[in-house]
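Take a look at the structure below.
The values are calculated or read from the model by the stated rules, or taken from the named source; none is laboratory data. All values derive from a computational prediction rather than experimental measurement. For neighbour counting, all protein chains shown are included, and Cβ atoms are generated from backbone atoms with ideal geometry for every residue, glycine included. Accessible surface areas use protein heavy atoms only, side chains included; no ligands, DNA or RNA. Shrake-Rupley method; radii C 1.70, N 1.55, O 1.52, S 1.80 Å.
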Amino acid sequence: MPELPEVETIRRALEPALVGRAFDDVEIADARLTRPFDPVVVAAELRGERVEQVDRRGKYLIVRFESGRALLIHLRMTGSLQHARDGLPDDPHRRAVVRLDDGSDVAYRDVRRFGTWLLAEPGELEPYLAARLGDEPLETRLTARRLGGRLAQRRAPIKAAILDQRTLAGVGNIYADEALWRARIHPRRPAGELDDAELARLVRGIRAALRMGIERQGSTLRDYRQPDGTSGDMQREFAVYGRDGEPCPRCGTPIEKIRTAGRGTWFCPTCQPLHIQR
Ligand SMILES: [Zn+2]
């Protein structure tokens, strides 16, 4: 599932292709993409819009238009976007195509069809996002103290708390595990129990994991365009995610897999103890 680093990678790839371009034609072939709105109506509304900026907030990609409107794209499980200058190959999983005014195409494909496109009118976007998303983890506004304030009194496991998009925007299952390993915090520790030093390590760990993901996804995006594109090489760069039984890169203890917050969770039982001696 695309997390902050994947969406940021897509944003960086699309930005030069989209900024300044107008949507000459839009076809939306899947009513699930725009529901509850009629895809034909949404496509017609998008025609003629000119792109001013391509932003990201959490896992949302935001195409801002000169008109003040914005197209809010969430890729969910399997959504992806491709930009093509020489036409598009047949693809049974293509859900939408935007023809730009330079003749190139932006195609949206989604095998499992959970992705969404929402056209926001001027003024609608910020309140929509504010109701759903907490701090951007890579912005300096997020400090250990601020995160501590949001986690205070919460008895939920820390992993569940950082997966909650209203607390932190953009962290998903992979980067939560990697961040907690870097911070040496057990994923089931009650969120409100973390002390100042642990909160500081957690903020650093989240940022480091996300930044590494952004660097690495640069190559994954290129692989993704290949028909047989896999993420096999990428897995080797994770410290814990998906690596049960393999040695912890820091101490050599075999990585364990448990379920936390309903998700597969990987951690090092030595580096990330559940019970802390203070
Ligand atoms: Zn370890």
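When F65 is tested against (1) in contact with an Asp or Glu (Cβ under 6 Å, 6 or more places away or on another chain); (2) over 18 Å from A22 (Cβ atoms); (3) without any contact (Cβ under 8 Å) to a residue 24 or more places away in the chain, only condition (2) is not met. For the range 79-105, a residue qualifies if it is over 15 Å from G48 (Cα atoms) and in a strand (DSSP E or B), and the qualifying residues are G79, S80, L81, Q82, H83, A84, R94, R95, A96.
Take the conditions (1) open to solvent by 60 Å² or more (accessible area, probe 1.4 Å); (2) on the phi > 0 side of the Ramachandran plot; E52 misses just one of them, which is (2). The set of residues in the range 158-185 that are assigned to a loop (DSSP other than H, G, I, E, B) and either over 19 Å from the mean Cα position of the chain (by Cα) or under 16 Å from P5 (Cα atoms) (or both) comprises Q165, A169, G170, V171, G172, R184, I185.
V111 meets each of the listed conditions (1) β-branched (V, I, T); (2) over 25 Å from E52 (Cβ atoms); (3) in contact with a strand residue (DSSP E or B) (Cβ under 7 Å, 6 or more places away or on another chain) apart from (3).
When each of R204, R216 is tested for being open to solvent by 60 Å² or more (accessible area, probe 1.4 Å), of a type in the set (D, E, K, R) and out of contact with any Lys or Arg (no Cβ under 6 Å at 6 or more places or on another chain), the lone residue that passes is R204.
The numbered conditions (1) within 20 Å of T260 (Cα to Cα); (2) more than 16 Å from the ligand (Cβ to nearest atom); (3) open to solvent by less than 60 Å² (accessible area, probe 1.4 Å); (4) in contact with a helix residue (DSSP H, G or I) (Cβ under 6 Å, 6 or more places away or on another chain) are all true for P187 except (2).
Looking across R182, R204, one residue alone is away from the ligand (no atom under 16 Å from the Cβ), charged (D, E, K, R) and at pLDDT 95 or above. It is R204. Could you list, in sequence order, all residues of the range 243-278 that are small (G, A, S) and more than 11 Å from the ligand (Cβ to nearest atom)? Of everything in the range 243-278, those that are small (G, A, S) and more than 11 Å from the ligand (Cβ to nearest atom) turn out to be G245, A261, G262, G264. Scanning the range 157-184 for residues that are surrounded by fewer than 19 Cβ atoms within 10 Å (Cβ to Cβ) and without any contact (Cβ under 8 Å) to a residue 40 or more places away in the chain returns D164, R166. All conditions but one from (1) closer than 17 Å to A156 by Cα; (2) at pLDDT below 95; (3) of a type in the set (S, T, N, Q) apply to T265; the one that does not is (2).
Name every residue in the range 32-49 that is open to solvent by less than 30 Å² (accessible area, probe 1.4 Å) and not in a loop (DSSP other than H, G, I, E, B), in order of residue number. Within the range 32-49, L33, T34, P39, V42, A43, L46 meet the criteria.
Taken over the range 64-102, the criterion of being of a type in the set (V, I, T) and open to solvent by less than 20 Å² (accessible area, probe 1.4 Å) is satisfied by I73, V98.
The sole residue among R113, R155, R150, R145 that is in a loop (DSSP other than H, G, I, E, B) and within 30 Å of L194 (Cα to Cα) is R155. Filtering the range 8-31 to residues that are out of contact with any helix residue (DSSP H, G or I) (no Cβ under 9 Å at 6 or more places or on another chain), part of a helix (DSSP H, G or I) and touching a residue at least 60 places away in the same chain (Cβ under 8 Å) leaves L14, A17, L18.
Taking first residues from the range 262-275 that are open to solvent by less than 50 Å² (accessible area, probe 1.4 Å) and partners that are among the β-branched types (V, I, T) and away from the ligand (no atom under 11 Å from the Cβ), the Cβ contacts under 9 Å between residues at least 6 apart in sequence or on separate chains come to G264/I258; T265/I258; W266/I258; F267/I185; F267/I258; F267/T260; Q272/I185.
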